[in-house]
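Asks: Please find one structure pasted underneath; my questions will follow.
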């Protein structure tokens, strides 16, 4: 579209569909220790996951893995200790902690098979991420023709938001 600049910002929300909401609640709250930000009456859980929301909703078989995708949790330092804490909480790693080109990382799955990673980026990757984070300090439009995006602490009341992502 001529005259429109597309500049995407950091992720705001990640959605996962699960078979059993209570199993997912125990996994994300107890095993991963993510704080529950909000629970919607229509079977949706929203967790604070760093700078984004991780939203979990009940789905059916067509919404579940192996459709693809994964979520990476950044660990600034001490990833060995983080992995030990997760193992103590019952998390089983499919890909053990190892040095990779982008840093030290390990992979595990939630009860529905979603691929989750913890990663302590290498020095080079950390510099890149810090540069990216420094760019977040100044307000940037998603599209130059649109109103500025709403920050999480300024979210509109639930009646003005969609409960589910578009189909």
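The values are calculated or read from the model by the stated rules, or taken from the named source; none is laboratory data. This structure is a prediction, so every number in the text was calculated from the model and none was measured. Every residue, glycine among them, receives a Cβ derived from its backbone with ideal geometry; neighbour counts consider all protein chains shown.
Asks: Looking at (1) under 16 Å from residue 16 (Cα atoms); (2) in contact (Cβ under 8 Å) with a residue 60 or more places away in the chain; (3) touching a helix residue (DSSP H, G or I) at 6+ places or on another chain (Cβ under 8 Å), which is the one condition that is false for residue 42?
Replies: Evaluating residue 42 over (1) under 16 Å from residue 16 (Cα atoms); (2) in contact (Cβ under 8 Å) with a residue 60 or more places away in the chain; (3) touching a helix residue (DSSP H, G or I) at 6+ places or on another chain (Cβ under 8 Å) leaves (3) as the failure.
Asks: While we're on this one: Please state which of the following conditions residue 71 fails to meet, knowing it meets all the rest: (1) surrounded by 16 or more Cβ atoms within 10 Å (Cβ to Cβ); (2) under 16 Å from the mean Cα position of the chain (by Cα).
Replies: So residue 71 meets the others, but not (1).
Asks: Just the residues that are out of contact with any strand residue (DSSP E or B) (no Cβ under 6 Å at 6 or more places or on another chain) and at negative phi, please, taken from segment 37-51.
Replies: Of everything in segment 37-51, those that are out of contact with any strand residue (DSSP E or B) (no Cβ under 6 Å at 6 or more places or on another chain) and at negative phi turn out to be 40, 41, 42, 49, 51.
Asks: List pairs: first in segment 110-125 and touching a residue at least 12 places away in the same chain (Cβ under 8 Å), second loosely packed, with under 15 Cβ neighbours inside 10 Å and in a loop (DSSP other than H, G, I, E, B), Cβ under 6 Å, 6+ apart or cross-chain?
Replies: Note: pairs meeting the criteria are 125/102.
Asks: Collect the residues in segment 9-27 that are modelled with pLDDT under 85 and within 11 Å of residue 56 (Cα to Cα), keeping them in residue-number order.
Replies: Across segment 9-27, the qualifying residue is only 13.
Asks: Here is a follow-up. Tally the residues that are touching a strand residue (DSSP E or B) at 6+ places or on another chain (Cβ under 8 Å) and within 29 Å of residue 63 (Cα to Cα), restricting the search to segment 98-123.
Replies: Selection size over segment 98-123: 14.
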